[in-house]
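Peer 1: If you scroll down you'll find the structure; I have some questions about it.
The values are calculated or read from the model by the stated rules, or taken from the named source; none is laboratory data. Bear in mind the structure is a predicted one, so any value in this text is a computation, not a measurement. Positions of Cβ are backbone-derived with ideal geometry, glycine not excepted, and every protein chain shown enters the neighbour counts.
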Amino acid sequence: AQTIHQWPVAEIKAVGSPLSLGCTIKGKSSPNLYWYWQATGGTLQQLFYSITVGQVESVVQLNLSASRPKDDQFILSTEKLLLSHSGFYLCAWSLLPTGNTEVFFGKGTRLTVV
Amino acid sequence: GDSVTQTEGPVTLSEGTSLTVNCSYETKQYPTLFWYVQYPGEGPQLLFKVPKANEKGSNRGFEATYNKEATSFHLQKASVQESDSAVYYCALSDYNQGKLIFGQGTKLSIKP
């Protein structure tokens, strides 16, 4: 069975500090990977997607970057956090590029920037 | 660009009553339409999807019909239960950009 693990579960960080969030998918080779962001009480907004190792496409510019160093790992990071980065970050995967295929989400990381 | 608009929440119902959550979409494509459900502290999970116009999707007593003419995909359930309390998201697929576009979500609370 496929599992998706996100870390950390929650973070409280200061404005201007760096950030690194991670995601690992087990049980599925060469998945399509995604990062989504959800403001408190808001909708889900796709940030990045990756079809293969080393290849990441940006969907929305939020002063964040993403990398896929391994087939099963997706990293979201920034060197300087803003207050507006607060929210719920979700990693997700699908078998195919999003079309009529289901996207499977992790449990998310709650980020509070103070 | 593509967009999805849902019933504004929160919505509070009594157990046993019927539910309708409206969903309208705008796109120039022929998308697949989805309903996702998110429980507190969890990521969203697929409720069901409908890839073709004029077809119906259903799961756990929820259903929705892909109405291409009206560009709608309203979620319905005849009799809600307390366990249905969650946030419901309507979404459409954007093949060109490889992404899902979500509505703003509708928070549903069911009173026993």
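Peer 1: Can you tell me how many residues in the range B:74-102 are within 14 Å of chain A (Cβ to nearest Cβ), out of contact with any Cys (no Cβ under 6 Å at 6 or more places or on another chain) and not in a loop (DSSP other than H, G, I, E, B)? Give the derivation first.
Peer 2: First, the residues of the range B:74-102 that are within 14 Å of chain A (Cβ to nearest Cβ): B:86-102.
Imposing the further condition that a residue be out of contact with any Cys (no Cβ under 6 Å at 6 or more places or on another chain) reduces the set to B:86-89, B:91-102.
Still in the running and not in a loop (DSSP other than H, G, I, E, B): B:86-89, B:91-94, B:99-102.
The total comes to 12.
Peer 1: Exactly one condition in (1) loosely packed, with under 15 Cβ neighbours inside 10 Å; (2) more than 12 Å from chain B (Cβ to nearest Cβ); (3) touching a residue at least 40 places away in the same chain (Cβ under 8 Å); (4) assigned to a loop (DSSP other than H, G, I, E, B) is not met by A:Asn63; state its number.
Peer 2: The single condition A:Asn63 does not satisfy is (3).
Peer 1: Do you know which residues across the range A:86-105 are at pLDDT below 95 and assigned to a loop (DSSP other than H, G, I, E, B)?
Peer 2: Correct list: A:Leu95, A:Leu96, A:Pro97, A:Thr98, A:Gly99, A:Asn100, A:Thr101, A:Glu102, A:Val103.
Peer 1: If you don't mind, there's one more thing I want to ask. Hey, any hits in the range B:65-73 for a residue that's surrounded by fewer than 18 Cβ atoms within 10 Å (Cβ to Cβ), in a loop (DSSP other than H, G, I, E, B) and at positive phi?
Peer 2: Yes.
Peer 1: Inspect all residues belonging to the range A:1-12 and state whether any of them is assigned to a strand (DSSP E or B), modelled with pLDDT under 95 and away from chain B (no Cβ under 12 Å).
Peer 2: Looking for residues that are assigned to a strand (DSSP E or B), modelled with pLDDT under 95 and away from chain B (no Cβ under 12 Å), one finds at least one in the range A:1-12, hence yes.
Peer 1: Now, a different point. Of the residues A:Leu81, A:Leu33, A:Leu21, only one is in a strand (DSSP E or B), crowded, with 21+ Cβ neighbours inside 10 Å and modelled with pLDDT of 95 or more; which? Talk me through it step by step, then tell me what you get.
Peer 2: Numbers: A:Leu81 fails: in a strand (DSSP E or B); A:Leu33 fails: modelled with pLDDT of 95 or more.
Exactly one of A:Leu81, A:Leu33, A:Leu21 is in a strand (DSSP E or B), crowded, with 21+ Cβ neighbours inside 10 Å and modelled with pLDDT of 95 or more, namely A:Leu21.
Peer 1: May I ask you to list the residues in the range A:36-60 that are part of a loop (DSSP other than H, G, I, E, B) and either modelled with pLDDT of 90 or more or under 14 Å from the mean Cα position of the chain (by Cα) (or both)?
Peer 2: Just the residues of the range A:36-60 that are part of a loop (DSSP other than H, G, I, E, B), to begin with: A:39-43, A:53-54, A:59-60.
The answer is A:Ala39, A:Val53, A:Gly54, A:Val59, A:Val60.
Peer 1: For residues that are in a loop (DSSP other than H, G, I, E, B) and facing chain A (nearest Cβ under 9 Å), scanning just the range B:21-35, find the one that is nearest to B:Phe62 (Cα to Cα).
Peer 2: Narrowing the range B:21-35 to residues in a loop (DSSP other than H, G, I, E, B): B:22, B:27-32.
Remaining after also requiring facing chain A (nearest Cβ under 9 Å): B:31-32.
Working: B:Pro31: 20, B:Thr32: 17 Å.
Taking the candidates together, the pick is B:Thr32.
Quick grid of which residues meet (1) within 14 Å of another protein chain (Cβ to nearest Cβ); (2) among the hydrophobic types (A, V, I, L, M, F, W, C); (3) closer than 18 Å to B:Pro44 by Cβ:
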site: A:Val59; (1), (2), (3): yes, yes, yes
site: A:Ser67; (1), (2), (3): no, no, no
site: A:Lys70; (1), (2), (3): no, no, no
site: A:Phe88; (1), (2), (3): yes, yes, yes
site: A:Thr101; (1), (2), (3): yes, no, yes
site: A:Arg110; (1), (2), (3): yes, no, yes
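Peer 1: Could you identify the single residue in A:Leu96, A:Leu44, A:Leu33, A:Leu83 that is away from chain B (no Cβ under 13 Å) and either aliphatic (A, V, I, L, M) or in contact with a Ser or Thr (Cβ under 9 Å, 6 or more places away or on another chain) (or both)? Talk me through it step by step, then tell me what you get.
Peer 2: On the way: A:Leu96 fails: away from chain B (no Cβ under 13 Å); A:Leu44 fails: away from chain B (no Cβ under 13 Å); A:Leu33 fails: away from chain B (no Cβ under 13 Å).
Every option except A:Leu83 fails the conditions.
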